[in-house]
Amino acid sequence: MKYPIKLIPATMQTVWGGTRLMDKWNKHTNGDNIAESWELSCHEKGESIAVNGEFSNVKLSEILKENPDFLGERGKQFEFFPILIKLIDSKSDLSIQVHPSDEYALKNEGEYGKTEMWYIVDCEKGSGVYCGFKNPIGKDELEKALRSGKITDYLNFVEVSKGDVLFIPSGTVHAICGGNLICEVQQNSALTYRLYDYDRTDKDGNKRELHIDKALEVTDTTRKVIPNADDVKIDEHTRQVAKCKYFTVCEITCEDEYSFEVNDDSFASLTVIEGGGAVMANGSCITLDLGDTVFLPAGIGETKIYGTLKAIKASV
């Protein structure tokens with residue numbers, strides 16, 4: 001049976017993680033912070049688990065293995081489940097990093113590369129992100145900047161506001177800075193090459209691993225235009241904020257009731273970033289609270305949202 005499948009995320013701790021997802025978003029951990037909550041994930045490093053209906057307590061990857069039609073025609077075209085959705089709470093700056101292309105990653109790492117987009121759910125005043133270079137830079141100059149710890153002098157710093165969206169193609173040097181709460185939709189990959197991590201150490205005095213040689217191979221040193229995402233109004237409730245071959249992402253605003261169709265082309269997901277309510281499809285209704293994510297199988301048909309909420313909708 002196809003029904004809205006509510007998911008329990010996998011949560012991750014890091015040196016830069018905050019407590020907002022624990023304090024206000026009902027996320028759980030045994031640690032002292034939640035840096036990332038992997039809301040929709042079939043990745044082996046952190047999988048989502050169903051929490052309602054006949055698939056309760058089953059990993060999303062296992063559900064899809066037994067029910068491949070849930071992916072939809074576009075979803076079936078990918079060797080791996082195509083997307084991964086995260087909530088990210090950055091109490092301090094993330095490392096300066098870059099993600100490889102599919103071609104490089106499949107050849108050298110055995111998995112896809114990573115193109116991603118960031119939706120700014122909330123942010124402190126003056127917070128921002130690093131995204132691309134101010135000017136083209138040579139590989140030798142870039143390596144020198146990395147070795148000397150001056151890489152941020154060469155990067156675009158973009159101050160952000162709530163509701164902003166940035167699209168980050170593979171090869172773009174970037175970093176989320178402190179004070180941001182972000183919903184990230186990305187390719188289903190955990191590949192990250194760190195270029196610089198501010199010489200931070202963990203509780204045992206160890207620095208995190210850097211990947212300078214690989215990063216230099218995949219970095220687009222010519223990129224100086226900040227890659228903004230789409231901003232297309234679909235209807236009075238829906239704004240398309242990103243579209244590429246890996247994912248389509250929309251912001252949905254519901255003030256009472258709103259419906260949309262989930263056809264056989266692709267599955268969809270909803271991640272609630274404001275308010276709450278409920279979602280109904282194929283005769284099944286479940287509540288939606290702040291931070292909840294539901295998976296909607298392809299072909300489930302008309303899907304209705306009730307309540308006052310804002311959600312990120314993703315599909316292939």
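None of the figures in this text is laboratory data; all of them are computed from the coordinates on show. Quick caveat: nothing in here was measured; it's all calculated off a predicted structure. Cβ: placed from backbone, ideal geometry, glycine included. Neighbour counts: every protein chain shown.
Using the Cβ of GLY178 as centre and a radius below 11 Å, the other residues enclosed give a net charge of -2, where K and R count +1 and D and E count -1. Shape class of the chain from the Cα gyration tensor (axes a ≥ b ≥ c, square roots of the eigenvalues): prolate, since a/c reaches 1.5 or more and a/b is larger than b/c.
Calculated mean residue ellipticity, 222 nm, the chain: -3000 deg cm²/dmol, from DSSP H runs (n ≥ 4) at -39500 (n - 2.57) each, averaged per residue and rounded to 500. Farthest toward the positive end of the dipole of the chain, out of PHE133, ILE312, CYS250, is the Cα of PHE133, where the dipole comes from beta carbon charges about the Cα centre.
Considering only GLY276, LEU166, GLY178, the residue lying farthest towards the positive end of the dipole of the chain is GLY178, judged by Cα position with unit charges set on Cβ. For the stretch 232-315, rounded, prolate or oblate, judged on the Cα gyration tensor with a ≥ b ≥ c (square roots of eigenvalues), a/c < 1.5 rounded, else prolate if a/b > b/c? Since a/c reaches 1.5 but b/c is at least a/b, the shape of the stretch 232-315 is classed as oblate.
For a footprinting-style exposure proxy, rank THR219, THR201 by other Cβ within 10 Å, fewest first.
THR201, THR219
Look at ILE234, ILE273 and count the other Cβ atoms within 10 Å of each Cβ; fewest to most, that gives ILE234, ILE273.
Straight-line cross-link partners of LYS233 among the aspartates and glutamates, defined as a Cα under 13 Å from its Cα and at least 8 positions apart when in the same chain: GLU251.
Checking the table LYS65/LYS245; LYS45/LYS114; LYS24/LYS86 against a 20 Å threshold on Cα-Cα, which pairs fail? All intermediate terms of the calculation are to be shown ahead of the outcome.
Values: LYS65/LYS245 22 Å; LYS45/LYS114 15 Å; LYS24/LYS86 16 Å.
Flagged as over cut-off: LYS65/LYS245.
Please report the spacing between the Cα centers of the stretch 1-79 and the stretch 116-161 in Å, no decimals. Measuring centre to centre over Cα atoms gives 29 Å. For LEU296, neighbours were defined as the other residues whose beta-carbon sits under 10 Å from its Cβ, and their charges (Lys and Arg +1, Asp and Glu -1) total +2.
In terms of other Cβ atoms within 10 Å, TYR198, TYR130 run from fewest to most in the order TYR198, TYR130.
Which aspartates and glutamates, if any, have their Cα less than 13 Å from the Cα of LYS91, not counting same-chain residues under 8 positions apart? Hits, sequence-local ones excluded: ASP32, GLU36, ASP122, GLU124. Working ranking of peptides 300-311, 26-37, 108-119 by packing, defined as the average number of other Cβ atoms within 10 Å per residue, highest first, is 108-119, 300-311, 26-37. Angle of helix 139-148 to the longest C-alpha principal axis of the chain, folded into 0 to 90 degrees and rounded to 10: 90°.
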